[in-house]
Amino acid sequence: MTAKTLGRALIVAAAFVSLNGMANTLPAAKLKEMMSFQTMDVDRDGKVSRAEFVEMMGKIYDMHAKDGAMDAARLDSLYKAITAARR
């Protein structure tokens, strides 16, 4: 999955996730770990299901959102962080 596709999927996934903001940024190493196949494949079946993907993207969203929501600048910042972490 390309970073661009992943970024778009994050936006879609965020729409389905309840919002409860925590921290406002994620360290690149933590973001990369959370987005890894091994971390997302919770049931270890060798595939990342939609539910597994949405669950992890929801956690990432929650950790990056401020007050349970993101404005355009914060969403852009998260997209850039995801893009950088996938390199």
Counted charge near Ala51, where neighbours are those whose Cβ lies closer than 15 Å (Asp, Glu -1; Lys, Arg +1): -1
Environment charge of Lys32, counting only residues whose C-beta is closer than 13 Å and scoring Lys/Arg +1, Asp/Glu -1: +2
Ranked list, fewest to most other Cβ atoms within 10 Å of each Cβ, for Phe53, Phe37: Phe37, Phe53
Neighbour-count order for Tyr61, Tyr79, fewest beta carbons within 10 angstrom listed first: Tyr79, Tyr61
³J(HN,Hα) computed for each position of region 48-62 - Karplus, 6.51 cos²θ - 1.76 cosθ + 1.60, integer Hz, glycine/proline x: 9, 6, 4, 4, 5, 5, 4, 4, 5, 5, x, 5, 4, 4, 4
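Taken together, the values in this text are just the output of simple stated rules run on the coordinates, not laboratory data. This one's a predicted model, so the numbers in the text were calculated from it and none came from an experiment. Every residue, glycine as well, gets a Cβ built from its backbone with ideal geometry; the counts of neighbours run over all protein chains shown.
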